[in-house]
Every structure is written in structure tokens, then in C-alpha cells.
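Every read-out reported here was derived from the displayed coordinates using simple, explicitly stated rules and does not represent laboratory data. In this text the structure is predicted, and so the values were computed from the model without any measurement. With ideal geometry, Cβ positions are generated from the backbone for all residues, glycine too; neighbour counts draw on all protein chains shown.
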Amino acid sequence: MADQKQSPEEQWRALATKALKGKDPESLNRKSPEGVQIQALYTKDDVEQRNTDSGYPGQFPFTRGPYPTMYTQRPWTIRQYAGFSTAEESNKFYRAALEKGQKGLSVAFDLATHRGYDSDHPRVVGDVGKAGVAIDSVEDMKILFDGIPLDQMSVSMTMNGAVIPIMAAYIVAAEEQGVASEKLSGTIQNDILKEFMVRNTYIYPPQESMRLVADIIEYTSKYMPRFNSISISGYHMQEAGADSALELAFTLADGLEYVKTAVERGLAVDDFAPRLSFFFAIGMNFLMEVSKLRAARSLWAELMKEYFDPKNQKSMMLRTHCQTSGWSLTAQDPLNNVIRTTIEAMAAVLGGTQSLHTNSYDEAISLPTETSSRIARNTQIIIQEETDITHTVDPLGGSYAIESMTSDLKERALGIINEVMEMGGMAKAIEQGYPKRKIEEAAAIKQAGIDKGDLTIVGVNKFINEKEDPVEILDIDNTDVRNRQVELIEAIKEKRDKVAVKEVLEQIKTSAESGKGNLLELAVEATRRRATVGEISTAMERAWGRHSATSQTIKGVYESVYQSDDHYQEIKHKIEAFAEEEGRRPRILVVKMGQDGHDRGAKVVATAFADMGFDVDVGPLFSTPEEAAKQAIENDVHVIGVSTLAAGHKTLIPELISILKNQEAEDIIIVAGGVIPVQDYEFLRSVGVSAIFGPGTNIPKAASEVIDEIRAVKA
Amino acid sequence: MTVSQLAKGIKAGKRRPLAKGITLVESSHPSDQEQAAQLLTHLAEDRDTIRIGVSGVPGVGKSTFIEAFGNHLIAEGHRVAVLAVDPSSPTTGGSILGDKTRMETLSSREEAFIRPSPTSGTLGGVAKRTRETMLLCEAGGYDVILVETVGVGQSEFEVSSMVDCFMMLMLPGAGDGLQGIKRGIMEITDVMVINKADGDQEKLALQAKSEYEHAFHFLQTRLPDIPVRFHAVSALKNKGITEVWSSILQFIDALKQQGFFNEQRMSQNLSWFKRLAEDALIEELWRGEHNREMAEQLKKGIINNEILPSVAAKKMVSIIKKADSN
């Protein structure tokens, strides 16, 4: 019996200690990757200590939601991100999805378009139509939205690099559909800062890119009052390895930088701030993710008030889109991904998102099929229509744990934001490489945790399914798409008034140089005259050049997690032995070919391999097979590791191998890693790839296999 | 590939044999080292080349500068090899060699050969390899060799002892004058380049340039009759690069006119010879099979207080003397 004089808290402590066989209950507390202390038990005292009253939804600081009635009045928008192949194919897909309960569109463009290249450009042979739809001109855009009334359908477009010509194509396509721009609703991502941090689909240098952001904010605030001029994105940061605090802090700091830019342009904060929107990733840390969205809203409101003091409440109100984490999906036992996505979707909804994309279970393997897209969409419909979650606003509000974690996470993120502000804001911090370094460190630590088994991923490092059933996949015949696009470009160029096009492209270049005028306005005119996406991009590139990033690589972080792990030491010895015999360390070139800029995988592999004892050459982003071969030969590497996520591997890897052969370098072996469907393994092996590492590969094991492969060639 | 095949391939300007040759030179394997020596003997020949050292602190923009500078050299009809000496050697593990990610256009040029070297081994080892790699590149038809080093430890001095002209890159941080420069750097600098003279920093860079000019005026420089040259450039915006190159050409001309050019290379070779002999001697002293045993015995003796270190040292060296008289 507990002592009568003990408080309930003391009684709990005594009971817990007993349950733990004498151990202090504090030992159950743990540190989250964010550095937030997670308590085994939260109580009323925790909420009182933190002094967090989250108040009412629809009221400053909006912790409980931007709107007073939230989903009780209207649920979030089901907005699935999709696009592939040609505009016709994507259009068909959109129309089918809208019929089956999807509410908004979200366009995925192919990488060639993202980087401002028309489909006929020699650098993008492997990229056209692959990870999104190929859009070269307004004609493609018109086909894309054929039969979809743009005055009624809200359209989200993930575009940052080639944001000017794509916005122009959208505006002109609507115009020719008979829809005036003030009726258009939707969102353009237009978030270039995070491109320089993680996603790498930029075109121009940072300063010039920021001007484009301002041009778009200015244009939309004048002509497109219902359109979100920017979607400030943390999504790609989490995907690149950031924890929730880093994601939150860097995203809001990006937001402040954009507001500052627009204010410096002469816009009044209340004229554009209500049309800023956000975009977060939702991963598997359920309670932390719910807290993140709540913390994001109140932190944004407070920061906006402090820095810009808007008069309109809406200027402080954070509205967000969310997407379930693609990184959390596994290629192994992929049906598990349905469950992961459901849990993540629940977190997004309980956190109060305004719209949501749920991933398809096969996205760690290939592009979504019809079946997997349907399941993904239904995940949201089921939460909306079969559960009671939408019947109450912010149902987790007031939970001791959620309120405490919201407050702790907020504090943590604010600390990072203040650091960034001391550096002079996000643009300056990015110049110094600070956010990138932080994110890459977090990624390397996380990977080591998984490889070591500290972090569980079912089907990958625990309860592995020995007999996997083959999964149906969607394969795009990229050559066909490209041929078709090239034909269309030629047809357009044939028919248009060449002098008029040349004239307006010249004006774009001049405006880029002088800093005067609005480039979106000029691009709209150029698009009316049938200038292509690539031509408009090039006109600006002629003034500004194409940006190439300086890349930093970290060392020692991966190893720090392992310290005295026996298995890891074994692999290090194996590599040392190789070096002793060979007279040099094994040398690997880690390279990405094509226009895909997602380099988390390549970076993590580079730093882990170096820690284990490889000499690692890192190739420039966006390499062609020729460039990769030249670098491999000059550095006389033993092996090239090709990191591929965007499905260009079937074109680019055979080309790389044939170039190596032509230069008598066939003894350099090729391994491939990333998102490669099992169906392609046979093909890749037949062209000469020595080993293939899918998502979830244990890196020390892969290193050991690579050494074996090198030895096999030498023998 | 045999040594003579390699030599033939290198002379024919082929990329693959040159790269393989460099691997031999870099190898720590005794049989590779022997082959490397043969290869270098095959290729020995006087060639009309310019060797330039490029140094500066991390963040000064070396790679960006070399990207712009190298492209300019190629436009002028040269073939350029870039070698990187990075002494920031980790104690364990391999290295990450990311240089080419920062020389994107240069690295894809047919007329350029870029080879960053891993950092394992001693600094002397790195320098040895770089010297010999340089000779291989020259044999392969590259007539301008850029040896890049990050300014850590003794690396600038190592590099300056193997090039014709040593270029120091500086940041525009004006105001602290010469205080920000490591001791001894002024004495080896032939050309000083203040990078990042663009945007807000242009003024600062120009100011820094005149401050350095003023400060150097009172210093003993490397060559009393050939003045040090100063430039403010923006590698990023490709401004001032042409001027740096013509400055270097003038410097080389002056060296040649005064007869210093060959003299310098000769004396570099002589001190290189001395250095190699010393290294080999030390290697022999501690690694020779018989010597190792002896050394172990003497060490034990010292630990047990049976022999004085000074006496032990004399005994140790006497072995080499004996070997000599045999």
C-alpha cells in the first residue's frame, strides 16, 4: 500500500520504480534526434511549467489550427502529386483521379523541365518524361489541363528552377482556355532557398534566383489574388535527413527571408503574406510530427508579428500542405509502406494540415502504378469518411504530451532560427553552408543508426521477409516520350513568328541584366508568342550564367555512431588489408548522372565509405556519362558507384559502360544504388553492372561486397 | 600494361596510361615504386612547361579560381594539369576528394587533366608523389601544371619548392594587413591574388590589394630584382583572370632573362636529391631488417637503464657506417 501522505506523483514514482525492479523511472526518458527530452510521462505540471495555453483555433497564434472550424466544416484537400511521360498521359491520369475522389491537382514535372532544358537538349537524354511530365511549351501545358476547368480546379505546381517559364505557360494555357488570371487558384512552389540546401534543382545563382521569387510574388499579388505565390518547403529537408527541429527552423527562416525580400521590393506585407503557404514532410515519429505542425503555426505567427508587425491576421496565419515521407518507405516488403503512410497521414491530419499527399507503397521502387495510386488516395478518403477524426477540431489539443512537446520543439527551433538570424538570415547562412552541413550530419547519423540496428525498420533490419513477391511497376519508355516531345518542339518553332520571339527573348535578357521590369510579365508575353520553356530559361541564363554549387562533404560522423562495433571494425580491417596489398586504398567515384539533384544517398555513401577507409571521389551533380567516365579514368578509380533515383539508369549506365570500354578502361567496375526496380536488375547486370544496392542497403555490407568485386576483377 | 607500353601511351597523350602511371607513382607497394622509377626514367626529357603553385586558406575560392584560370589557359591554347596536395591528412580512414565538384567546366574539358590525390601518408610522401606526378603530366603534353594546396602546416613550402611561380590567394578582409598571413609566406610568394572582388566586397578587395602592395614594399621578397605582383580578381565573375596570366608570363620571362629559371629548377632538383637521400637513409636506419632488431635491443636497454640514449644512438648509426664500408 502506498503511503497516505505521498502525493499522486510520488506514488507514481514509487510504483514505477517497483515495476522497473528498483530502477529510477527517469531512466525511461529519452532524447529525440531533435535533442528534445522525451518524458516517459507528461502531467498537468509539465503543461503548467511551460505555460502553454494553446487557446482557440482560428486565433493568434493559431497553434490549434488556422481556421475556427477546421475539418468539422470541410476536411483537408486530398492533393496527390503526380505526373509522368507526356502531357496527354498525365492528363488522362489526372482526370481519372478527379473522378475517383481527388480534390486538387499537383503537377510533377520531369527533371529536364525543372532545370530549364527543352526535351531536345543533349544533357537530358535520360531524364525526359521520367520522374514527371515533360513540358516544353504552352502547347504541352494546354494538353495537360485539357478538359480540366482552371477557374474551378486548384493547381499546385512543384517548380523552382524554371519557375518563370512554367508559371507563364500555366497563365497562358488558362488564358487560351478563356480563364482570366485573377480566377486562378493554386500554389507554385517557388522556394529556391531550399534548392540550394537540399534538392539542387536550381538554375541561376542565389541572388538572381531571389529576384525571380520577388517577381512572382509581385506579379501574383497584382494579378492572381487567389494564387499562393510560394510554398515554403521543409519537406525536402526532412527527406534529406533533417530532424523535425531543423526542418521547422530552416523552413520558417526561409519564410522570413522571402518576406524580407518582398518587403524590400516595396510590397506591403499584408499585400502578399496571406498568400504564402508552407509544405512539410510527415515522418514516422507520430507525436513529434503532430507537435511540429502545431509548433510551426504558433512560431510563424509570433515571428511574423515580431519582425514585420502585419495588420492583417491572415499574414501571420500559417497554412500548410503536407506529404508523407518518401524516405520512410522501403523497397523491401513494400506493402508495409501502406501502414507507414497511414500512420503518417494520421499525424498530418491530427496536426491540422490544409492539404495532403499520401505516398504510394511502391515509391521506393518505381513510379506509382494505378493500383498503388488508388490505395494511396483511399488512405485519405478512409480517414475522412470512415473515422470520427474530422468531427472535432484539434482533438489532441490539451494532451499533456502534445502540448509539452509542441512547446519544447518550438523552443528548440527558435534557438536554431536565432542562430540563423545572427548570421544575417537564411540567404547568408546558406552561403556559409551552415544548414546543408547540419542536415547532412543528421542524415549520416541516422543512416549509421539504421545500419547498426539501433533504429528499427521492419523488413530492412528486423523481421526481414525472405521471400519477396514481385511488385508490378510502371516503366516509362523514355525514348518514345523524347521523340514525341522533340517533334512537337520542331512543329512549334516552325509555325511561330520568329522575329517576334527573338525580340521578346532579347527583352528578357535585358531585364535580367538590368534588374528592371518583371520577368514573369515578359515571360507571359514570350509564351504567348510560343517561345519554349528552354528558350525563356536560356534568355535569363545568358545574363546570369548557370549556377554550380560548391559541395562540402563531412567526415567522421558516420563512424562516430559505430565506435567499437566489431562487425564494423572487421570491414575496416578488410579495407586496410586491401590497401596494404594494393599499395593504395580502394578508390571509388560516387557519381550522379542526369538532372536529378537529390544527393542524400550519394552524400551518405561518400562519407560512410571514406570513414570505412575508401578514397572517395565525388562527381559534380548533373554529370553526363562522358564526364563521369573522364573523371573515373583520370583518378584511376577501382569502381564507379552510380547513385540513381530518377529512373534514368537504363539509358545512362549502359552509355557510361560503353564509353569506358572505348577508352580501354573496362577494368573499372560499376555498381549502382538508389531507386532501381528489381525488374531492371537483370538488364543492368547484363550490360555489366557488378552489384546493385537498393534502398535500405546496409552500407558496411555493401562496402565489403564492393571490395570483393574489385578483387574478383583483379584475379 | 608494361612500363614501356605505359610510357608510349603517356607520350601519345592518352589519358588512361597517364592516370595509371600516376597510380604507380602514388603506390606504396615496393614493386610499383620500382616500376614508377623505370617509367620516369623512360620519360625523362626537357620540356617547355610552366609550373605554378596555388595556395590559400579554405574558403578563399581556390577551386573557383582554378576553374576560371584553367579555362582561360585552355582558351589561350594550353593544356592544363591540376594536381592537388592536401595535407589535412586524417589519422584513420580514407579521404573525400571533392575538388572536381567545384571545377565543373574545367574538369570536362578535353585539354584538362585533374587529379586530386588522397591524403594518406606523410607530407613528404605527398610531396614526392606530386613532383613525380608533375613530370608524368608534362610528358603527357600538359604544358601548364597547377599544383593546388590548402594552406595548412608546411604544405605551401613544400609546394613552393617544386614550382616556378608561387601564387597566393587572399580574401578581401582588409584592415588586418599582414597580420593575417602565416609567417614565411611572404618570402615565397611571387604573385598575390585577392579573390572575391565582386559585389559588396569589390571595394574591400581593392583596398586590401593596395595595403598588401604597401606592406610588401618593405619586405625582403624571394627575388630581389623581380617584384611581387598583385591582383584583385573575381574568379566567380571571371574578372581579372587575363591579367593574372599575363603577370605570370611576365614573371617567367623575367626569370628566364636573368637566368634564374633553369637555375631554380636545377637547385630544386639538387635539394630534392638531398631530401630523398636523407629520407631513404632514415627509412633504412629504422626499417632495415638487421637494424630493426638492433633498435629493439637498444630500446630495451634504455628502458631498463642499462644504456644511455646518447650511447645507443651512436651504436645505431654505426650500423649504417659499417654497411657503407662493406
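Taking 0.36 nm per intervening residue step and subtracting the Cα-Cα distance, what contour gain separates residue A:391 from residue A:177 on full extension?
Gain on stretching residue A:391 to residue A:177: 73.2 nm.
At a threshold of 8 angstrom on Cα-Cα distance, excluding pairs fewer than six apart, so keeping six or more, what relative contact order does chain A reach in percent?
Computed value for chain A: 15 percent relative contact order.
For peptide A:623-632, compute the average count of partner chain beta-carbon atoms within 10 Å of each residue's beta-carbon.
Rounded to a whole number, the mean comes out at 3.
If r is the Cβ-Cβ distance from residue A:565 to residue A:483 and R0 is 51 Å, what FRET efficiency results, to the nearest 0.05?
Taking R0 as 51 Å, the efficiency between residue A:565 and residue A:483 is 0.50.
What distance in nm separates the two pseudo spin-label positions at residue A:496 and residue B:239, each 7 Å out from Cα along the beta-carbon direction?
Going by the 7 Å Cα→Cβ label model, 3.4 nm.
Using a Gaussian network model of chain B with C-alpha springs under 10 Å, which one of B:173, B:93, B:77 is most mobile by mean-square fluctuation?
Greatest mean-square fluctuation among the candidates belongs to B:93.
Calculated FRET efficiency, residue B:34 and residue A:658, Cβ-Cβ r, R0 56 Å, to nearest 0.05?
After rounding, the FRET efficiency stands at 0.95.
Any idea what angle helix B:15-26 forms with the longest principal axis of chain B, computed on alpha-carbon atoms, 0 to 90 degrees, nearest 10?
Helix B:15-26 sits at roughly 50 degrees to that axis.
Given axes a ≥ b ≥ c from the Cα gyration tensor, I'd like to know whether the stretch A:273-338 is rounded (a/c under 1.5), prolate (a/b larger than b/c) or oblate.
Because a/c hits 1.5 or more and a/b exceeds b/c, the stretch A:273-338 counts as prolate.
Using the count of nearby Cβ atoms within 10 Å as a rough guide to exposure, how do B:296, A:411, B:138 rank from fewest to most?
B:296, A:411, B:138
Please build a GNM for chain B, connecting alpha carbons under 10 Å apart, and tell me which residue among B:49, B:133, B:189 fluctuates the most.
Between B:49, B:133, B:189, it is B:49 that shows the largest mean-square fluctuation.
Relative to the longest principal axis of chain B, what angle (0 to 90°, nearest 10) does the C-alpha long axis of helix B:30-43 take?
In chain B, helix B:30-43 runs at an angle near 50 degrees to the longest axis.
Give me D for the protein assembly as shown in µm² s⁻¹, whole number, from Stokes-Einstein with Rh from the Kirkwood sum over alpha-carbon pairs, 37 °C and 0.692 mPa s.
Stokes-Einstein gives a translational diffusion coefficient of 104 µm²/s.
Report Rg (one decimal) and Dmax (nearest whole number) for the stretch A:563-715, counting Cα atoms only, units Å.
Final numbers for Rg and Dmax: 14.5, 45 Å.
Kirkwood Rh and Cα-based Rg: tell me the resulting Rg over Rh for the stretch A:408-523, rounded to two decimals.
Radius of gyration relative to Kirkwood radius: 1.21.
Dividing the convex hull volume of the alpha carbon atoms of the stretch A:498-587 by its residue count, what do you get in Å³ per residue?
Hull volume over Cα atoms, normalised by residue count, gives 203 Å³.
Arrange the following residues from fewest to most other Cβ atoms within 10 Å of their Cβ: B:191, A:678, A:604.
So the ranking, lowest neighbour count to highest, is A:678, B:191, A:604.
Under a crude label model (7 Å from the Cα following the beta-carbon direction), how far is residue A:467 from residue B:253 in nanometres?
If labels sit at residue A:467 and residue B:253, their model points lie 8.2 nm apart.
Quick one: order A:658, A:315, A:399 by neighbouring beta-carbon count within 10 Å, fewest to most.
If I rank by nearby Cβ atoms, fewest first, I get A:658, A:399, A:315.
Highest GNM mean-square fluctuation, chain B, Cα pairs closer than 10 Å: which of B:130, B:41, B:242?
Judging by the Gaussian network model, the answer is B:41.
When a/c reaches 1.5 or more, the comparison of a/b and b/c decides; with that in mind, is the stretch A:279-420 rounded, prolate or oblate per its Cα gyration tensor?
Because a/c hits 1.5 or more and a/b exceeds b/c, the stretch A:279-420 counts as prolate.
Over chain B, what relative contact order in percent results from Cα pairs under 8 Å that are six or more residues apart?
So the answer I get is 17 percent.
Could you grab the relative contact order for the stretch A:507-642? Cα pairs under 8 Å, six or more apart, rounded to a whole percent.
Reported relative contact order: 23 percent.
Answer rounded, prolate or oblate for chain B, using the Cα gyration tensor with square roots of eigenvalues a ≥ b ≥ c: rounded when a/c is under 1.5, else prolate when a/b is larger than b/c, else oblate.
Prolate shape, in that a/c is at least 1.5 and a/b is the bigger ratio.
Mark the label point 7 Å from the Cα of residue A:626 along Cα→Cβ and return the residues of the stretch B:32-74 whose backbone N is within less than 19 Å of it.
Residues B:71-72, B:74 qualify, since their backbone N sits under 19 Å from the label point.
Angle check, please: helix B:62-75 long axis (alpha carbons) against the longest principal axis of chain B (alpha carbons), in degrees 0 to 90, nearest 10.
The helix B:62-75 is inclined about 70 degrees to chain B.
Modelling each spin label as a point 7 Å along the Cα-to-Cβ direction, I'd like the residue B:11/residue A:576 distance in nm, to one decimal.
4.3
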